[in-house]
Amino acid sequence: QVQLVESGGGLVQAEGSLRLSCAASGSISGIMSMGWYRQAPGKQREVVATITSGGSTYYADSVKGRFTISRDNARNTVYLQMNSLKAEDTAVYYCKFLIRLQNYWGQGTQVTVSS
């Protein structure tokens, strides 16, 4: 089994910063990619950023230049550094690991940006 534990969410003022972390434990050999997704009230879950095992990254247009995804392979952890936060970034953020072609999701962490 795989467990993902997220941390780092909270309340921040607009233009502020937060750093999310997601640590994986358990049967985690064969990680193919890691990513962050978010879901705002009344909206569908959307991809924010992803990083492959080879280090290739993808960012949603709405976060390009403000968010940075990174990983620590030794700690099986993925991070999302969020700068210049906007009210529209308010959402529950979920991490996802693709391990041996199976998706595993974190429990979600709330990010609230006050304007």
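May I ask you to list the residues in segment 19-40 that are under 15 Å from E88 (Cβ atoms) and either assigned to a strand (DSSP E or B) or without any contact (Cβ under 8 Å) to a residue 24 or more places away in the chain (or both)? Steps first, please.
Step one: of segment 19-40, the residues under 15 Å from E88 (Cβ atoms) are 38-40.
Passing the criteria: R38, Q39.
If you filter segment 34-53 down to residues that are open to solvent by 30 Å² or more (accessible area, probe 1.4 Å) and among the small types (G, A, S), you find that the one that is nearest to Q3 (Cα to Cα) is S53. If you go through segment 76-91 and pick out every residue that is among the hydrophobic types (A, V, I, L, M, F, W, C) and open to solvent by 40 Å² or more (accessible area, probe 1.4 Å), you end up with 1.
Among the residues of segment 54-61, are any in a strand (DSSP E or B), open to solvent by 20 Å² or more (accessible area, probe 1.4 Å), at pLDDT 95 or above and among the charged types (D, E, K, R)? So that I can check it myself, show each step before the final result.
Step one: of segment 54-61, the residues in a strand (DSSP E or B) are 57-59.
In the following step, the residues that additionally are open to solvent by 20 Å² or more (accessible area, probe 1.4 Å) were identified as 57-59.
Imposing the further condition that a residue be at pLDDT 95 or above reduces the set to 57-59.
From what is left, the residues that are among the charged types (D, E, K, R) are none.
Checked segment 54-61: no residue is in a strand (DSSP E or B), open to solvent by 20 Å² or more (accessible area, probe 1.4 Å), at pLDDT 95 or above and among the charged types (D, E, K, R).
Go through the residues of segment 63-75 one by one and say whether even a single one is open to solvent by 30 Å² or more (accessible area, probe 1.4 Å), touching a residue at least 24 places away in the same chain (Cβ under 8 Å) and among the basic types (K, R). Within segment 63-75 (the criterion being open to solvent by 30 Å² or more (accessible area, probe 1.4 Å), touching a residue at least 24 places away in the same chain (Cβ under 8 Å) and among the basic types (K, R)), the answer is yes, since at least one residue qualifies.
Within segment 92-100, at least one residue is in a strand (DSSP E or B), of a type outside the set (F, W, Y) and open to solvent by less than 20 Å² (accessible area, probe 1.4 Å). Filter segment 103-115 down to residues that are among the polar types (S, T, N, Q) and modelled with pLDDT of 95 or more and give me whichever is least open to solvent (accessible area, probe 1.4 Å). The selected residue is T109.
The values are calculated or read from the model by the stated rules, or taken from the named source; none is laboratory data. Note that this is a predicted model, so its numbers are computed, not measured. A quick note on method: Cβ atoms are made from the backbone with ideal geometry, for glycine too, and the neighbour counts reach across all protein chains shown. Ligands, DNA and RNA are excluded from the accessible area calculation, which covers all protein heavy atoms including side chains. Shrake-Rupley method; radii C 1.70, N 1.55, O 1.52, S 1.80 Å.
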